[in-house]
Amino acid sequence: MTLLQILAGTTGQLLSTAAVLTLLILITFMSVRLQRRYRKHRVYRLLNTALCFSLTHQALMLLITMYSGIFPAWLNLAAIVLQVLSFLIINFVVLELYTKPRRLDHFLFIAGLGVTIALTIFEVIWNPDLLVSGNEHVSRPLSLDIFAVVIVYMGLQFILPRIGQRRTYGAGVITYFTFLLVHAINHYLFQDAVAALTIVTFILPILYFTLLFILMFEWVIERLQSIYVSSITDGLTGLYNRQHFMKKAQQYISHGHTVTFLFCDLDHFKKLNDTHGHHYADGVLKQVATILANETDGIGTAGRYGGEELVAAIYDPRSKPELVAETIRARIESETPVTVSIGWSTAQKQISVQDVIHQADQAMYHSKTTGKNKVTAYKDLKQNVTSESKRAQLTEPTQPLSKLT
């Protein structure tokens, strides 16, 4: 007996089943952990159901292979039905993981379950040999094989364009279709007599469940990343939230950078809210945030401080803060229906981030109260205050000498 014949027989089936069972156990472990964490989500229960069907299918195939002729013939039919149901449910679960299914999606899913059951009953009535023969190769439910191909088509047509991980999902569905095609050719044309085709049908399920494992693993990573990003960013503007912006700015200073802070406040934003509504005002705020993010990209970072107040931290020594601030002001004036008042201040040694932001806030307030739509540096504001103080001292009237004596 050649190696090809050995791998095409019981040994190949056992190796394939063992590999698939290992992958299924790993996927099931992830799915159970997700269900425990998110008990309210029905999708994980569906996924666990599909995985149980797949595990049962593999267990039945293992028993049928090892103890051929002992178990009743209907177990082979049951294994095929479980395989189709599992594939159908897994496709629906993938859709639900990435998007909210529509009513049509739910209808097609329930209809698919019903069609699977109906075709099983039809096959039992039409082809009684499925329950009589103990030989797996005598007869297979052709209608279920055809319906599995229909599920493949539905997945590629209606699920693939609406989800993430399209390459992984698409590769998995095509792998499953290839398995169905090779299996059908080998079974219906050659009565399972071609060893090479049989080996391919052993390998393809391993590849399919490997891709399913990768898809699930990447989805978990995406979810963790999404949770982290949502915890550090503002939901409306996409900029860093106040807490993370302060943390990021402190990191710049800790690394020895000279950091300049810009404090931006939109002019007449409350009036915009009152006259055009919150939805329109939110859209304008997003526009401004995009401009701020674009102008600080590569030279610093930006965040939402609160309300219509946005902040930026610039650490690039080649960038001139006054030019960056003026560019931001000019772009907001020309590209949005609002203007902005900006103040900026550079962090000095032995001063906290909060204090520097407060200085930039004071400079912004000066811009706001002296005409709006302008940029003010805190150092200029401080110099003006000092100059005015000295001027006041010089112009203070002196007392007559007679009174002094």
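No lab work stands behind these numbers, since they all come straight from the coordinates. Not measured: the values here are computed from a predicted model. When we count neighbours, we look across all protein chains shown, and the Cβ atoms used for this are built from the backbone with ideal geometry, even at glycine.
Pairs over the 25 Å Cα-Cα cut-off, from the set Lys286/Lys379; Lys270/Lys349; Lys247/Lys271; Lys271/Lys379; Lys271/Lys374; Lys286/Lys349: Lys286/Lys379; Lys270/Lys349; Lys247/Lys271; Lys271/Lys379; Lys286/Lys349. So for the pair Leu224, Thr210, with labels modelled 7 Å out along Cα→Cβ, what separation do we get in nm? Once both label points are built, they end up 2.3 nm from each other. Compared with the direct C-alpha span, the chain from Lys349 to His279 gains 21.0 nm at full extension, assuming 0.36 nm per residue. Positive contributions from Lys and Arg (+1) and negative ones from Asp and Glu (-1), summed over other residues with Cβ under 11 Å from the Cβ of Phe261, come out at -2. Let a ≥ b ≥ c be the square roots of the eigenvalues of the Cα gyration tensor of region 3-232; is it rounded (a/c under 1.5), or, if not, prolate (a/b larger than b/c) or oblate? Because a/c hits 1.5 or more and a/b exceeds b/c, region 3-232 counts as prolate. What residues from region 292-328 fall in the zone where the backbone N is under 19 Å from a label point 7 Å along the Cα-to-C-beta line of His244? Under 19 Å, as judged by backbone N against the label point of His244, lie 292-315 of region 292-328. Picking from Gly306, Gly371, Gly114, which is most flexible by a Gaussian network model of the chain using Cα springs under 10 Å? Result: Gly371 has the largest fluctuation of those listed.
Label-to-label distance for Ala330 and Leu75 is 8.1 nm, based on points extended 7 Å past Cα in the beta-carbon direction. Taken about its Cα centre, the chain carries a charge dipole of roughly 1100 debye when the Cβ of each Lys and Arg holds +1 and the Cβ of each Asp and Glu holds -1. Once the Kirkwood radius over Cα pairs is known for region 242-392, the Stokes-Einstein relation at 20 °C and 1.002 mPa s delivers a diffusion coefficient of 137 µm²/s. For region 93-225, dividing the convex hull volume of the Cα atoms by the residue count gives 116 Å³ per residue. On the basis of the beta-carbon distance and an R0 of 22 Å, Asp316 and Lys286 show a calculated FRET efficiency of 0.30. Mean residue ellipticity, 222 nm, helices only, the chain: the sum of -39500 (n - 2.57) across DSSP H runs of n ≥ 4, divided by residue count and rounded to 500, is -22500 deg cm²/dmol.
Note on region 47-125: semi-axes of the ellipsoid equivalent to its C-alpha gyration tensor, largest first and rounded to whole Å, are 28, 16, 5. The ellipsoid equivalent to the alpha-carbon distribution of the chain has semi-axes of 72, 21, 16 angstrom, derived from the gyration tensor eigenvalues as √(5λ) and listed largest first.
When only alpha carbons are used to place a centre, region 295-330 and region 52-105 end up 56 Å from one another.
Test of understanding: in a Gaussian network model of the chain with alpha carbons linked when under 10 Å, which of Ser226, Ser254, Ser345 would top the mean-square fluctuation ranking? Checking each option, the largest mean-square fluctuation is seen for Ser254. When you restrict to C-alpha pairs under 8 Å that are six or more residues apart and normalise by the size of region 3-232, the relative contact order lands at 23 percent.
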